[in-house]
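K.L.:
Sharing a structure, written as structure tokens. Questions coming.
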Amino acid sequence: MIHFDQFSWRFGSAGTWALRDVSLRIDRGEFVAVAGPSGSGKTTLAQAMCGLLIGRQAGDARGNVQVGDHDVAAAPLHQVAQSIGLVQQNPETHFATLAVDDEIAFGMENRCVDPDQIHRRSAEAMQLLSITHLRDRSLPTLSGGEKQRVAIASIVAGDPDVLVLDEPTASLDPQASRDLFHSLADLCRRTGLTVVIIEHKLAHLLPLNPRLIRLEGSRVAADTLDATVYAPDPLRPTDANAAHGLGATAGPVPTSGDPVVDMSRVSVALGDRTVLDDVSLRVWPGEMVAMLGPNGGGKTTLLHSLMGLVPLAGGSIRVCGVAVSPNTVSRLAEQVGLVFQNADHQLFADTVWHETLFAVRNLKRLDAGIEKEAARLLDRAGLSPREADHPYRLSWGEKRRLNLISAILHRPRLLLLDEPFAGQDWENVAFLLDVLRRWLSGGPADRPDDTPNSAEQNQPHGACLMVTHDPRIVLRSCTRVLFVSDGQVTLDAPVPEAFNRLRQAGHDAYAPPERVCASGSGQQPQPRGE
């Protein structure tokens, strides 16, 4: 079905090859997982097989790629697109309409599919992705995870021979991720659909016995059916992880002094929908609080309400001692760092370097020390060679790292992070957690290893509220878990207790495997700072 013959690709302005000497054969009906570190060529591989490189982007190519009967370099793109469908990392890049049902039907309408077929396929795709209840919703009102499921449904409904998904679970809650993978595996068995999934999070994929392709250094490093190749858990305690502050659940934080966040009976309504319903919450200095819960449950709205970005229907909020309202957003920006769910929504400058310093420059806090800190962070994030590039030329994962660096340099007292680990391999997860740990401890987000630790730097500087869908990250970095569902905080507990209660309530997809919990139990929290 897909044949790469010694294929190499180099983007026009790049000095290195994004893919080198790739030879692969993927048969009809195969269920394939593609993994590998950030920058190894996974997204480029997806673009190559979908005909989006040769003749469509500036660059150099060697070898060839064939999908079905089509040489993707020679066939018109619309012909290739009828055989192979691509779900990209950012679901909003897919959308051409304003409503869910219109979006799912859009591609079929353009191909003049019979209206009865359009209705049938649309209904089947929505049922497969569990979004039938969203049929009449406007796309801008959906959560990030809901948008991702709509994007997948719009491609599935087109009935391609091959379905390629580039990190399809980045914004999906754990239960939705598990359900999606099981549904796709079932489609392979029942219909002969070929499925290629590019994914960092393999926990829900490996039990389905996919063929595993691993890229490293732009080459195919492994191609196997043996899941043990990927069995080691990168977040289990090891000496290497300990150096990054990983490997143990963070200890409890004393609740003394004034809270950084104080929400009292907050309600938010968007149109005729109640998105938050009577939410009360306090967050204290030194806390790293994880927010888990199903897509559309209200997590993002809760974060936005803390910045005054959505009007309250009831209740009150104080952040860093400031009463929150739509009139206090600019004042709060001095003490709060916010990373949106969609990386593209907070890119403002024309180079990566200017974007890094955008917030701190606008807050008039830029000095030589912060410039040095920014340079070190970009280097550790692997972005130093891209400083002169436009931020939109970065990969999704690179944009997420840039977002966090820009948001943290002015040393806010509160960080609001909406899925900051999307698109990250485990090395970059460790880097981001280390940056957060240093910031939380009161020291610079990055500093030379020989910088002494002062007593002041060991004092908690602020607090963090983080939406994430990876429970292993929560286990290794957070002090507390909130479970947000149907607009309410239905659970608020320390990490180990929260995971136990989630399992008891039947939400085991939101908890890490018990072997991972056991490996982290009894460990002492890592010291703040080096």
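The values are calculated or read from the model by the stated rules, or taken from the named source; none is laboratory data. These figures come from a predicted structure and were not determined experimentally. Note that we place each Cβ from the backbone using ideal geometry, even for glycine, and neighbour counts take in every protein chain shown. For the accessible areas, the whole protein counts, side chains as well, though only heavy atoms, and no ligand, DNA or RNA atoms are used. Shrake-Rupley method; radii C 1.70, N 1.55, O 1.52, S 1.80 Å.
Residue-by-condition table, conditions (1) free of Cβ contacts under 8 Å to residues at least 12 places away in the same chain; (2) under 23 Å from ALA463 (Cα atoms); (3) in a helix (DSSP H, G or I); (4) hydroxyl-bearing (Ser, Thr, Tyr):
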{"residue": "GLY337", "(1), (2), (3), (4)": "no, yes, no, no"}
{"residue": "PHE348", "(1), (2), (3), (4)": "yes, no, no, no"}
{"residue": "TRP353", "(1), (2), (3), (4)": "no, no, yes, no"}
{"residue": "ARG365", "(1), (2), (3), (4)": "no, yes, no, no"}
{"residue": "GLU373", "(1), (2), (3), (4)": "no, yes, yes, no"}
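K.L.:
Still on this model: Among (1) within 20 Å of GLN6 (Cβ to Cβ); (2) in contact with a Lys or Arg (Cβ under 8 Å, 6 or more places away or on another chain); (3) buried (at least 20 other Cβ atoms within 10 Å of the Cβ); (4) modelled with pLDDT of 90 or more, where does GLY36 come up short?
P.N.:
Every condition holds for GLY36 apart from (4).
K.L.:
Another question, if that's okay. Taking the condition out of contact with any Gly (no Cβ under 6 Å at 6 or more places or on another chain), charged (D, E, K, R) and closer than 21 Å to ARG273 by Cβ, does ARG178 pass?
P.N.:
The answer is no for ARG178.
K.L.:
If only one of GLU103, GLU124 is modelled with pLDDT of 95 or more and under 25 Å from GLU199 (Cα atoms), which one is it?
P.N.:
GLU103
K.L.:
Shifting gears a bit: So which residues in the range 382-411 are of a type in the set (A, V, I, L, M) and either modelled with pLDDT of 95 or more or over 12 Å from VAL352 (Cα atoms) (or both), if there are any at all?
P.N.:
Result: LEU402, LEU404, ILE405, ALA407, ILE408, LEU409.
K.L.:
Another question, if that's okay. Across the range 84-141, which residue is least open to solvent (accessible area, probe 1.4 Å) among those that are in a loop (DSSP other than H, G, I, E, B) and β-branched (Val, Ile, Thr)?
P.N.:
Within the range 84-141, the match that is least open to solvent (accessible area, probe 1.4 Å) is ILE131.
K.L.:
Of all residues in the range 267-290, count the ones that are in a strand (DSSP E or B), over 21 Å from the mean Cα position of the chain (by Cα) and under 23 Å from GLY442 (Cα atoms).
P.N.:
Total satisfying the criteria: 2.
K.L.:
Looking at LEU24, LEU52, which one is under 20 Å from GLY158 (Cα atoms) and surrounded by fewer than 21 Cβ atoms within 10 Å (Cβ to Cβ)?
P.N.:
Only one candidate qualifies: LEU52.
K.L.:
Okay, next question. Restricting to the range 9-18, and then to whatever is touching a helix residue (DSSP H, G or I) at 6+ places or on another chain (Cβ under 9 Å) and in a strand (DSSP E or B), can you tell me which residue is surrounded by the fewest Cβ atoms within 10 Å (Cβ to Cβ)?
P.N.:
Across the range 9-18, the extreme among qualifying residues is PHE11.
K.L.:
Just wondering, is there one or more residues in the range 307-321 that are more than 23 Å from VAL435 (Cα to Cα) and touching a Gly at 6+ places or on another chain (Cβ under 9 Å)?
P.N.:
Yes; the residues of the range 307-321 include at least one that is more than 23 Å from VAL435 (Cα to Cα) and touching a Gly at 6+ places or on another chain (Cβ under 9 Å).
K.L.:
Open to solvent by 10 Å² or more (accessible area, probe 1.4 Å), farther than 22 Å from SER154 by Cβ, in a strand (DSSP E or B) and among the aliphatic types (A, V, I, L, M): does that describe ALA73?
P.N.:
no
One line per residue, one yes/no per condition, for (1) in a strand (DSSP E or B); (2) over 23 Å from LEU184 (Cα atoms):
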{"position": "PHE7", "(1), (2)": "yes, yes"}
{"position": "ARG20", "(1), (2)": "yes, yes"}
{"position": "LEU24", "(1), (2)": "yes, no"}
{"position": "VAL32", "(1), (2)": "yes, no"}
{"position": "PRO37", "(1), (2)": "no, yes"}
{"position": "ALA48", "(1), (2)": "no, no"}
{"position": "GLY51", "(1), (2)": "no, no"}
{"position": "ARG56", "(1), (2)": "no, yes"}
{"position": "ALA61", "(1), (2)": "yes, yes"}
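K.L.:
What number of residues within the range 291-324 are part of a helix (DSSP H, G or I) and either among the hydroxyl-bearing types (Ser, Thr, Tyr) or closer than 24 Å to ARG472 by Cβ (or both)?
P.N.:
The number of residues fulfilling the criteria is 6.
K.L.:
Among (1) part of a helix (DSSP H, G or I); (2) at pLDDT below 85; (3) of a type in the set (Ser, Thr, Tyr), where does THR451 come up short?
P.N.:
(1)
K.L.:
Specify the residue that is farthest from GLY286 (Cα to Cα); the eligible residues are those in the range 425-445 that are open to solvent by less than 10 Å² (accessible area, probe 1.4 Å) and at pLDDT below 85.
P.N.:
If we take residues in the range 425-445 being open to solvent by less than 10 Å² (accessible area, probe 1.4 Å) and at pLDDT below 85, then ALA445 is farthest from GLY286 (Cα to Cα).
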